[in-house]
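For reference, the structure discussed in these notes is given below.
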Amino acid sequence: SAILQVRGLRKAYANGFEALKGVDLDIEEGEIIALLGPNGAGKTTLISTICGITTATSGNVTVGGHDIETDFRAARSMIGLVPQEINLEPFETVVNTVRFSRGLFGLPRKDKIVETVLRQLSLWDKKDNQVKELSGGMKRRVLIAKALAHEPRVLFLDEPTAGVDVELRKDMWDIVATLKQSGVTIILTTHYIEEAEAIADRVGVINKGELLLVEDKTALMARM
Ligand code: ADP
Ligand code: ADP
């Protein structure tokens, strides 16, 4: 059964603007889904609504069978969210940043998982560095490590390669491929068609608040 289920999701903002017009989505455990669409299509709104940061106008979302509104804590604990902006504490060390994140979920800060996650992201040798000492690419890895600290089953990456150079983009694609091996389900947004084609198992095209799932990636170009 699906790890993530979205049914008839609508979001109208306070000004009346309909950013999501009835989105349905089923995602199986271990899949990588790319949500592809131009700026303003509704990608960030969809992620925030699925994660319960934004309240839906109607429709519902379940994560691992838990409803994001009525069973928020259980549903949220299964979700890791990597925001678009780098929002790290500059003077904190890498390892403490990840431990802190576990604390936010009421988990013991020190755990073997912290080392596992840092090794997975090639950050272990940087664990005692302050965040401000790291390169932009390494900071993005720390953001991912933070999001994985409580061992979520679904990881959301909001525009992970927006505004980064080609080398860092390829780096991010490698990270996503590595994470897939660990079995985590990955949902990322992008406005690069070649990124969706390169790393996703399935692609959802978002336009003006509507989502169309494309099962066959080779059909993607024809739809754009
Ligand atoms: P994307 O992530 O695909 O760029 P967004 O989800 O950020 O798209 O935005 C979708 C649409 O909703 C855009 O037209 C945007 O201007 C609008 N929007 C986003 N946030 C708000 C808000 N708080 N109030 C009104 N409209 C909003
Ligand atoms: P507590 O009192 O539970 O230990 P605090 O809010 O006092 O938590 O923060 C403890 C440490 O975590 C401080 O050094 C602070 O700078 C750091 N910290 C606060 N927010 C974050 C964050 N978002 N990411 C990483 N470290 C943080």
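Where a number appears in this text, it was derived from the coordinates with a stated rule and is not lab data. For clarity, every value in this text was computed on a predicted model and none was experimentally measured. All Cβ positions, glycine included, derive from the backbone under ideal geometry; neighbour counts span all protein chains shown.
Observations on the model:
- In the range 6-87, the ratio of gyration radius to Kirkwood radius, Rg to Rh, stands at 0.94 when only Cα atoms are counted.
- HN-Hα J in Hz across the range 36-47 - Karplus 6.51, -1.76, 1.60, θ = phi - 60°, x for Gly and Pro: 10, x, x, 4, x, 5, x, 5, 5, 4, 5, 4
- Summary value for the range 38-120: 15 percent relative contact order, contacts being C-alpha pairs under 8 angstrom separated by 6+ residues.
- Cβ-based net charge around Lys180, under 12 Å, with every Lys or Arg adding one and every Asp or Glu removing one: -4
- Averaging the sequence gap over all C-alpha pairs within less than 8 Å and six or more residues apart, then dividing by the number of residues, gives the range 1-58 a relative contact order of 38 percent.
- Here the Karplus curve 6.51 cos²θ - 1.76 cosθ + 1.60, taken at θ = phi - 60°, turns the phi angles of the range 164-173 into couplings of 10, 6, 4, 5, 5, 5, 5, 4, 5, 4 Hz, with x standing for Gly and Pro.
- On Cα atoms only, tilt of 136-148 relative to the major axis of the chain in degrees: 80 degrees
- In the elastic network of the chain, a GNM with C-alpha springs shorter than 10 Å, the most mobile of Leu155, Leu121, Leu20 is Leu121.
- For GluC sites (Glu not before Pro), the sites in the range 64-121 that DSSP calls loop and that have at most 16 other Cβ atoms within 10 Å are Glu69, Glu85, Glu92.
- Length gained on full extension, Lys112 to Leu212, computed as 0.36 nm times the residue gap minus the Cα-Cα distance: 32.0 nm.
- A dipole drawn for the range 58-103 from +1 and -1 charges on Cβ atoms has a positive end, and of Ala75, Val94, Val63 the residue lying farthest that way is Val94.
- Shown here for the range 87-179: chymotrypsin sites (Phe, Trp or Tyr not before Pro) in loop regions (DSSP other than H, G, I, E, B) with at most 14 other Cβ atoms within 10 Å, namely Phe91, Phe105.
- Of all the options Ile86, Ile50, Ile27, the one that moves most in a Gaussian network model of the chain with Cα springs shorter than 10 angstrom is Ile86.
- For trypsin sites (Lys or Arg not before Pro), no site in the range 125-224 is both called loop by DSSP and has at most 11 other Cβ atoms within 10 Å.
- When you work out D = kT/(6 pi eta Rh) for the range 24-178 at 20 °C and 1.002 mPa s, using the Kirkwood radius from C-alpha pairs as Rh and the Stokes-Einstein form, the result is 130 µm²/s.
- Angle between the chain longest axis and helix 94-104 axis [Cα atoms, degrees, rounded to 10]: 60 degrees
- Computed over the chain: relative contact order in percent, which uses C-alpha pairs under 8 Å that are six or more apart: 29 percent
- The share of Cα pairs per 5 Å bin across the range 99-224, counted from zero up to the longest distance, runs 2, 9, 19, 20, 19, 13, 9, 6, 3, 0 percent.
- Gaussian network model of the chain, springs between alpha carbon atoms under 10 Å - residue of Asn39, Asn207, Asn15 with greatest fluctuation: Asn15
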